[in-house]
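A.B. asks: There's a structure below that I have some questions on.
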Amino acid sequence: MADNRDDDSQYRIKEGDYVVLKRGDIFKAVQIQPKKKVIFEKQWFFLDNAVDHLYSTTFEIVSGVLQPKKLKDEAGTDNRNIVDDGKSQKLTRDDIETLKEQGLKGQEIIQQLIDNSATFKDKTEYAQDKYIKKKKKKYENTVTILKPSCRILAMMYHGREPGKICHLRYDTLAQMLTLANIHAGSKVLVFETCAGLVLGAVMERMGGYGSVIQMYPGGGPVRAGVESFGFPAHFHDMLHEFPICHVNALLAGTLDTTAKEPSADSKQSTVAEEKETQNQPEAEQQGSPEEQNMETNSGADDQEKEQKEKRKEAKVKLEEKRKKLAAAAALLEGRNADGLVIASRFHPSPVLLGLLKFLAPSRPFVVYSQYKEPLIECYTKLKEQGGTISLRLTDTWLRHYQVLPNRTHPLLLMSGGGGYVLSGTTVAMDRSKPAGSQRAEEPAPKRLKLTDTEG
């Protein structure tokens with residue numbers, strides 16, 4: 001029995017979990033916190049009542065409180081006997097307004113509409129679903145709580161803020177994970193500027209086993225999307241970070257990971273000295289009474305303590321950053337990575353050519369771009385440089401279908417484009433032979449025999 005409870009607990013909502021709220025085709029990632037007001041689709045509510053319920057449960061919002069809802073339907077066989085003459089609904093608009101004034105819930109209003117509809121029971125299940133969805137948008141306030149996953153978060157970002165993830169569509173992300181052969185126990189390099197979505201997808205596919213090295217631009221890595229996944233603590237042990245600006249130094253062997261950065265400490269000490277010198281004349285100007293001197297001395301002591309604590313914290317942060325840099329450099333120095341994934345707003349050509357040197361032979365790499373022109377340039381440079389095979393530049397295409405008996409058809413609306421993907425495999429190059437040896441091995445062309453045409 002205890003094992004069954006443990007197995008069931010992972011499917012239940014707990015306090016502190018990251019979840020995804022869904023209403024229709026709209027998603028939002030939030031964290032379950034007690035007595036925290038959440039605003040979703042112009043409505044506010046608390047998530048306290050969602051704790052201990054199963055994921056994918058649909059709740060109804062009643063004055064800011066979530067309540068689980070249930071709905072039972074009766075369906076007909078087909079719609080052949082239904083006539084759309086506008087007389088099937090007995091309730092008028094005035095009747096519906098009076099129901100709202102009486103304080104009825106959205107579900108109760110919808111149920112009243114269903115009961116007063118003369119043709120609802122004769123409609124098919126699909127037609128009933130369409131009818132209920134149409135009325136829900138008007139009268140009902142519901143929300144479904146989902147467990148975060150790569151697909152759900154990719155759909156959320158693509159629907160709400162596609163610019164943050166470089167318009168990366170979820171089917172394109174799935175192809176990237178497959179082409180890069182992401183699996184548990186591998187060592188993967190990731191360079192992305194998609195708010196951490198690609199990084200989180202790679203970590204989810206690896207399941208906490210192996211190592212992921214995030215190559216980041218700027219002052220620090222961006223991992224907003226990784227937090228939304230809600231990974232356990234041991235997942236973050238496999239994650240390493242390395243600044244892209246130090247790649248050339250690491251390849252040249254000039255990167256020094258043991259030296260500390262004294263610049264931050266020196267800046268903080270100079271700032272502290274300036275503050276002390278400014279405080280001294282202020283204390284002198286206040287006068288000579290002993291009480292004022294005692295207050296200024298105590299204030300100066302407090303400031304010194306705060307400054308010392310800040311210095312200690314800065315030193316600890318610098319030491320942690322140095323250790324992370326050294327650990328990531330040790331993993332990269334072997335040049336035996338199992339895969340490379342690039343998806344960024346920067347031009348991929350210099351990044352790809354630099355990071356390919358860290359891959360072992362016969363390893364896959366994937367590059368995503370919203371536009372095909374940068375990937376065409378990468379394709380031509382890789383062909384000229386050599387060391388790669390099976391280069392493919394593809395465009396993903398996605399269309400949703402309605403699959404129902406006797407009425408299966410593609411939906412009218414579809415995504416215009418999901419970006420472009422360049423994939424390939426690294427190979428070892430034989431650098432022992434000189435460049436001209438291949439020409440020497442080729443047979444010499446035969447000379448044309450000249451004939452004397454003169455008489």
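A.B. asks: Given the criteria over 22 Å from A252 (Cβ atoms), of a type outside the set (V, I, T) and at pLDDT 95 or above, does L340 qualify? Reasoning before the result, please.
C.D. replies: On the way: over 22 Å from A252 (Cβ atoms): no; of a type outside the set (V, I, T): yes; at pLDDT 95 or above: yes.
In short, no.
A.B. asks: So V222 fits all but one of (1) of a type in the set (A, V, I, L, M, F, W, C); (2) open to solvent by less than 40 Å² (accessible area, probe 1.4 Å); (3) assigned to a loop (DSSP other than H, G, I, E, B); (4) modelled with pLDDT under 90; what number is the exception?
C.D. replies: (2)
A.B. asks: How many residues does the range 29-42 hold that are touching a strand residue (DSSP E or B) at 6+ places or on another chain (Cβ under 6 Å), surrounded by fewer than 16 Cβ atoms within 10 Å (Cβ to Cβ) and not charged (D, E, K, R)?
C.D. replies: Count: 1.
A.B. asks: Taking the range 350-405 only, how many residues are of a type in the set (S, T, Y), in a loop (DSSP other than H, G, I, E, B) and open to solvent by 40 Å² or more (accessible area, probe 1.4 Å)? Steps first, please.
C.D. replies: First pass over the range 350-405, keeping only residues of a type in the set (S, T, Y): 362, 368-369, 371, 379-380, 388, 390, 394, 396, 401.
Filter again for in a loop (DSSP other than H, G, I, E, B), leaving 362, 371, 396.
Those left that are additionally open to solvent by 40 Å² or more (accessible area, probe 1.4 Å): 362, 371.
The total comes to 2.
A.B. asks: Are any of the residues in the range 63-74 more than 30 Å from S9 (Cα to Cα), open to solvent by less than 40 Å² (accessible area, probe 1.4 Å) and modelled with pLDDT under 75?
C.D. replies: no
A.B. asks: Hey, another quick one. With the condition kept exactly as written, say whether any residue in the range 157-166 is open to solvent by 10 Å² or more (accessible area, probe 1.4 Å), within 23 Å of R392 (Cα to Cα) and under 13 Å from the mean Cα position of the chain (by Cα).
C.D. replies: Keep residues of the range 157-166 that are open to solvent by 10 Å² or more (accessible area, probe 1.4 Å), which gives 157-164, 166.
Going one step further and asking which of them are within 23 Å of R392 (Cα to Cα), we end up with 166.
This time we only want the ones that are under 13 Å from the mean Cα position of the chain (by Cα), so: 166.
Yes.
A.B. asks: Residues A201, A154, A195, A180: which one is over 30 Å from H53 (Cα atoms) and touching a residue at least 24 places away in the same chain (Cβ under 8 Å)? Walk me through it before giving the result.
C.D. replies: Details: A201 fails: over 30 Å from H53 (Cα atoms); A154 fails: over 30 Å from H53 (Cα atoms); A195 fails: over 30 Å from H53 (Cα atoms).
Checking each option against the conditions leaves just A180.
A.B. asks: Please verify whether K383 is closer than 24 Å to G196 by Cβ, free of Cβ contacts under 8 Å to residues at least 12 places away in the same chain and not aromatic (F, W, Y), treating the condition exactly as stated. Steps first, please.
C.D. replies: Numbers: closer than 24 Å to G196 by Cβ: no; free of Cβ contacts under 8 Å to residues at least 12 places away in the same chain: yes; not aromatic (F, W, Y): yes.
When the stated conditions are applied, K383 does not pass them.
A.B. asks: Further, regarding this structure: Among the residues of the range 193-203, write down those that are open to solvent by 10 Å² or more (accessible area, probe 1.4 Å) and modelled with pLDDT of 95 or more.
C.D. replies: At the first step, the residues of the range 193-203 found to be open to solvent by 10 Å² or more (accessible area, probe 1.4 Å) are 193, 195.
Within the range 193-203, no residue meets the criteria.
A.B. asks: Every residue in the range 231-254 that is open to solvent by 40 Å² or more (accessible area, probe 1.4 Å) and outside any helix (DSSP H, G or I), please.
C.D. replies: P232, H240, G253, T254
A.B. asks: If you don't mind, another one. Restricting attention to the range 320-337, which residues are assigned to a helix (DSSP H, G or I), in contact (Cβ under 8 Å) with a residue 24 or more places away in the chain and open to solvent by 60 Å² or more (accessible area, probe 1.4 Å)?
C.D. replies: Taking the range 320-337 as the starting set, the residues that turn out to be assigned to a helix (DSSP H, G or I) are 320-333.
Okay, now just the ones that are also in contact (Cβ under 8 Å) with a residue 24 or more places away in the chain, so 322, 324-329, 331-333.
Those that are assigned to a helix (DSSP H, G or I), in contact (Cβ under 8 Å) with a residue 24 or more places away in the chain and open to solvent by 60 Å² or more (accessible area, probe 1.4 Å): K324, E333.
A.B. asks: Residue by residue through the range 32-56, note down the ones that are assigned to a strand (DSSP E or B) and either acidic (D, E) or farther than 22 Å from D8 by Cβ (or both). It would help to see each step written out before you state the result.
C.D. replies: Applying the first criterion (assigned to a strand (DSSP E or B)) to the range 32-56 yields 37-40, 43-46, 54.
Scanning the range 32-56 gives K37, V38, I39, F40, Q43, W44, F45, F46.
The values are calculated or read from the model by the stated rules, or taken from the named source; none is laboratory data. None of the values given here were measured: they were computed from a predicted structure. Glycine also receives a Cβ, built like all others from the backbone with ideal geometry; neighbour counts cover every protein chain displayed. Accessible surface areas use protein heavy atoms only, side chains included; no ligands, DNA or RNA. Shrake-Rupley method; radii C 1.70, N 1.55, O 1.52, S 1.80 Å.
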